[in-house]
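What follows is a single structure, written as structure tokens, with notes after it.
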Amino acid sequence: MRRLTVTATSQLLLIFGFAAGSQGQVPSKAQPGVAPQIRALRVQTPPVIDGVIDEATEWKDVPSFEGLHDQTSGGPSPENGRFWLSYDGSFIYFAAKMTDSRPQQIRAVEYRSNVSFNGDD
């Protein structure tokens, strides 16, 4: 079993925590020593929640951020991720497209809810 040591929660906190007060140009790719930021775009039509990230229409004008940080090495992750953030008058919408160079090694054997996922991807 292979594990990618990227904590999704910490990535989201970094991305969204710094975005609220950001001013000026926001980088669209991860940069060493720079806290990741992404700006949310107010949308008139919300994206369809169907598990498909339609970059050509629904997320076309929404700014995105690309890159992950590997907590083990302290550098950029060998895998990639791309994130979008938008909102409307009622909800916040978040999309993430993650890549894995060896998807055949992703292992998920725990399907019950409210249990520990230790040992599962």
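Every number in this text was worked out from the coordinates using simple rules, so none of it is lab data. Keep in mind the model is a prediction, meaning the values are calculated, not measured.
Structure data summary
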quantity	calculated
Other-chain or far-sequence residues with amide H under 5 Å of Ser77's (modelled H)	Leu68, His69, Asp70
Prolate/oblate/rounded call for the stretch 54-121, Cα gyration tensor, a/c under 1.5 rounded	oblate
Whole-Hz couplings from phi, Karplus 6.51/-1.76/1.60, listed for the stretch 85-99; x for Gly and Pro	9, 9, 7, 9, x, 10, 9, 9, 10, 10, 10, 9, 10, 10, 10
Karplus-derived HN-Hα couplings along the stretch 40-45 (A = 6.51, B = -1.76, C = 1.60, θ = phi - 60°), whole Hz, x at Gly and Pro	8, 10, 6, 10, 7, 10
Amide H within-cut-off set for Trp59, under 5 Å, with H built and near neighbours excluded	Asp54
Sequence-distant residues sharing a close amide H with Val43 (under 5 Å, placed H)	Tyr87, Asp88
